[in-house]
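All remarks here apply to the structure that follows.
The values are calculated or read from the model by the stated rules, or taken from the named source; none is laboratory data. Model, not experiment: these values are computed from the prediction. Here the Cβ positions follow ideal geometry from the backbone for every residue, glycine too, while neighbour counts run over all protein chains shown.
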Amino acid sequence: MLDITSCMTSDSETPFREGSEIVDAVIVGGGIAGLGAALLLARARRSTLVYDAGHSRILAAERVRELVGFDGWTPNAMLTKAREEVLRYGAQIRSGIVTKIESRSDGLFDVFAPDLTITARSVVLATGLIDELPPLKGLRKVWGRDLRICPCFDEMKSGTNAS
């Protein structure tokens, strides 16, 4: 039988506290994947810190499609709701970027941001994708709206608008 108590320490069962020496998890990426990971960890009483650069790819779409519980929502509304859930369980979300992550000889990680260095037991990379658009005049204006990112996810089906 596996003894899971050997994998936990008493200080790892507390929500994130400002000034904590070590956190259980730093999540790099505040999109829906990063927030989903943060929700799972925070509900399990792991001290969790999310870094959100604010550039979620879903923001280019007008509506969220084919994501259970959020179908038809605006991306901003979905992310706001997800953030509220994560915060309710004690995780912290910071606006900003992580500039470097270094593994340590003791199995921990030093996570560097411009204003702070955090030591973490684990790191989740949920940075998503960045679209590198060709330099075409007006493309940024229509990207995700008239020019679709994903024909399934952002409401197009077989040439017809499913919204």
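Just a few scattered comments:
- Selection count where residues are in contact with a Ser or Thr (Cβ under 7 Å, 6 or more places away or on another chain) and modelled with pLDDT under 85, scope segment 63-95: 1
- The residue that is modelled with the lowest pLDDT, among those in segment 110-145 that are part of a helix (DSSP H, G or I) and among the hydrophobic types (A, V, I, L, M, F, W, C), is VAL142.
- Contact annotation: residue pairs with Cβ atoms under 9 Å, 6 or more positions apart or on different chains, pairing a residue in segment 73-89 that is within 10 Å of ILE32 (Cβ to Cβ) with a partner that is in a loop (DSSP other than H, G, I, E, B) and of a type in the set (Asp, Glu), are PRO75/GLU62.
- All positions within segment 92-147 that are on the phi > 0 side of the Ramachandran plot, without any contact (Cβ under 8 Å) to a residue 60 or more places away in the chain and in contact with an Asp or Glu (Cβ under 9 Å, 6 or more places away or on another chain): GLY96
- Within segment 87-100, tally of residues that are assigned to a strand (DSSP E or B) and farther than 15 Å from ASP24 by Cα: 3
- Listed conditions (1) surrounded by 10 or more Cβ atoms within 10 Å (Cβ to Cβ); (2) modelled with pLDDT of 80 or more; (3) basic (Lys, Arg) are all met by LYS100, apart from (1).
- Just one of (1) crowded, with 21+ Cβ neighbours inside 10 Å; (2) within 30 Å of TRP143 (Cα to Cα); (3) at pLDDT 95 or above fails for VAL28. It is (1).
- Residue within segment 47-66 that is without any contact (Cβ under 8 Å) to a residue 40 or more places away in the chain, part of a loop (DSSP other than H, G, I, E, B) and surrounded by fewer than 20 Cβ atoms within 10 Å (Cβ to Cβ) present: no
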